[in-house]
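Here, each number is a calculation from the coordinates, and none is a lab measurement. The structure displayed is predicted, hence computed values, not measured ones. Here the Cβ positions follow ideal geometry from the backbone for every residue, glycine too, while neighbour counts run over all protein chains shown.
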Ligand code: UTP
């Protein structure tokens, strides 16, 4: 490997991931009055019961991320600290199976890679991302939703695939999945032009379009008429995103009462360009009762 090549690879390697988990989770009320949705249990492919956030952290770490910033409500500090930073009491540890004792040690190691960040007021997803600005500093980072978990269809995990695309294109990347027209009311939608390497040059992002708008403006060449490309929940972003979020926050520009991410992603795209990548894998939502029930059933057998 030549010297220049090595420098390029180092420059391009993404170290940090941000996971906002400070929302109220109103769609899962009243369960979320006492348990954060990001702490709801799921059963993983090994048959282990674990809180959703652990599956997300594991997805990041297994893709080569070395530092994870979790944006929490100040009141939730203790519970996340307890999960990620505090070893089980001796009496509990002694009662665990050898397998779970080993997992407990691994959990401590995982926790050492996590930094808790704070969102004082719940002003929206975009605002929560902004709360990670000082921690991220001037680096590209992987942004992961706190209420989605992933299962890959290929030998590479979903997050690894997104990181690989970033290394290839050296540009903002939004992960994508296909969705039928009747699901668009709850999705962030994307359109663009295919490049030679099956990567989409994104030409527009649009939050929750009507079917009519999508049919008129968001159709992507080669896709069936009633299918569209929507955001999958993993983003590889440059720190420029914080400038646009700061602008919206300073000008108190809210959408549906909150500081949103998508309009800032659209500005980021206009300024720096953005690649869209259709992930080989499945995304499981846990943010709604029906979706959570289905995730519990499907996630465990997805591997
Ligand atoms: P959602 O859009 O699902 O919002 O957030 P929510 O508040 O969690 O849930 P509902 O819509 O009221 O049911 C997407 C991600 O952003 C985080 C959430 O925790 C979730 O992981 N979030 C959202 C924050 O961290 N802070 C916020 O102010 C809003």
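Within region 131-160, residues that are on the phi > 0 side of the Ramachandran plot have Cβ atoms under 8 Å from residues that are part of a loop (DSSP other than H, G, I, E, B) in these pairs: 137/239, counting only partners at least 6 apart in sequence or on another chain.
Any chance region 217-240 includes a residue that's in a helix (DSSP H, G or I) and farther than 16 Å from residue 270 by Cα? Looking for residues that are in a helix (DSSP H, G or I) and farther than 16 Å from residue 270 by Cα, one finds at least one in region 217-240, hence yes. If I filter region 111-132 for residues that are in a helix (DSSP H, G or I) and more than 16 Å from the chain's Cα centre (by Cα), do I get at least one hit? The answer is yes; a qualifying residue exists. Of the listed requirements (1) surrounded by 20 or more Cβ atoms within 10 Å (Cβ to Cβ); (2) away from the ligand (no atom under 16 Å from the Cβ); (3) part of a helix (DSSP H, G or I), residue 209 misses just one: (3). Note on region 22-40: among residues that are near the ligand (Cβ under 8 Å from one of its atoms) and closer than 25 Å to residue 303 by Cα, the one that is surrounded by the most Cβ atoms within 10 Å (Cβ to Cβ) is 38. If you go through region 132-155 and keep only what is farther than 17 Å from residue 66 by Cα, out of contact with any helix residue (DSSP H, G or I) (no Cβ under 6 Å at 6 or more places or on another chain) and crowded, with 17+ Cβ neighbours inside 10 Å, you end up with 145, 148, 151.
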